[in-house]
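The values are calculated or read from the model by the stated rules, or taken from the named source; none is laboratory data. Model, not experiment: these values are computed from the prediction. Cβ: placed from backbone, ideal geometry, glycine included. Neighbour counts: every protein chain shown. Keep in mind that these areas ignore ligands, DNA and RNA; they rest on the heavy atoms of the full protein, side chains included. Shrake-Rupley method; radii C 1.70, N 1.55, O 1.52, S 1.80 Å.
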Amino acid sequence: MADHQSPAAPEEDLVLAPRLRDLRRAAGLTLEGAAGRAGLSAAHLSRLESGLRQPSLPVLLGLARMYGTTVSDLLGETTGEPDPIVRGADAAAVPAGGWTYWRAGGNGRAMQALRLHIPAGAQRALVRVHAGEEWLYVTGGTLDLALGERTHTLAPGDSAHFDSLVPHRLAAAGDAGADVLFVHTLMQSETSALCVGAPSRTTAALPAAHRIATPGDRT
């Protein structure tokens, strides 16, 4: 599935683009090396670091995992000291890749917590495979969660906890979309090469329509 993207908003470029560049350099990675680990082309990552493109939420999650940080940190939503309280009124909605998310946890932790709204039809064919664990809880609407060969339909009050190395896909099951509490572990290791967009033996066996988007799919 193509990763449709739009030019980054000016206020996001001022934080996100240099943050991505600084994290890559701090990790001692070349543009080609970091792009390979993230499953992106070097040209695509260069556009993100230059502020010419806005990454989708899956790409943001993949980059955050690779650098051992959070989406909130990438977007500059950091504070001097970790705050255990996140006020709903202070959590800004961030649209990415057709989804909308709000930070629901603190920075600098081993896990990242988000609130997600998944509209009908958004990213229905995008399958993810990466190291770590995920937990989600449906608060509104109906969610289709594909895990390996099985698809589960979750209603409000239903939850799931699974190994992220199992190919998985999240999609709204109804026209109203789905609202989800989502928690995932953060990792910084060689296994991060399996993050969203990275080719792997696990995903190579999947039908083409269900594989993770590859660099050639992105324009």
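Remarks
- Selection within the range 143-154 - surrounded by fewer than 17 Cβ atoms within 10 Å (Cβ to Cβ) and either among the acidic types (Asp, Glu) or over 28 Å from ALA110 (Cα atoms) (or both): GLU149, ARG150, THR151, THR153
- Among residues of the range 104-117, those that are open to solvent by 20 Å² or more (accessible area, probe 1.4 Å) and modelled with pLDDT under 85, counted: 6
- Residues satisfying the stated conditions in the range 18-56, i.e. closer than 17 Å to GLY97 by Cα and open to solvent by less than 60 Å² (accessible area, probe 1.4 Å): ALA38, GLY39, LEU40, HIS44, LEU45, LEU48, GLY51, GLN54, PRO55, SER56
Residue-by-condition table, conditions (1) among the hydroxyl-bearing types (Ser, Thr, Tyr); (2) open to solvent by 50 Å² or more (accessible area, probe 1.4 Å); (3) modelled with pLDDT under 90:
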site: PRO119; (1), (2), (3): no, no, no
site: ARG124; (1), (2), (3): no, yes, yes
site: VAL129; (1), (2), (3): no, no, yes
site: GLU133; (1), (2), (3): no, yes, no
site: ALA172; (1), (2), (3): no, no, no
site: GLY177; (1), (2), (3): no, no, no
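- The range 37-48 residues that are over 15 Å from ALA17 (Cβ atoms) and at pLDDT 90 or above, paired with ones that are open to solvent by 30 Å² or more (accessible area, probe 1.4 Å) and outside any helix (DSSP H, G or I) (beta carbon under 9 Å, 6 or more apart): ALA42/THR30
- In the range 93-101 there is no residue that is farther than 23 Å from LEU126 by Cα, open to solvent by 20 Å² or more (accessible area, probe 1.4 Å) and modelled with pLDDT under 90.
- One residue stands out in the range 1-22 among those that are within 17 Å of the chain's Cα centre (by Cα) and not in a loop (DSSP other than H, G, I, E, B): the one that is modelled with the lowest pLDDT, namely GLU12.
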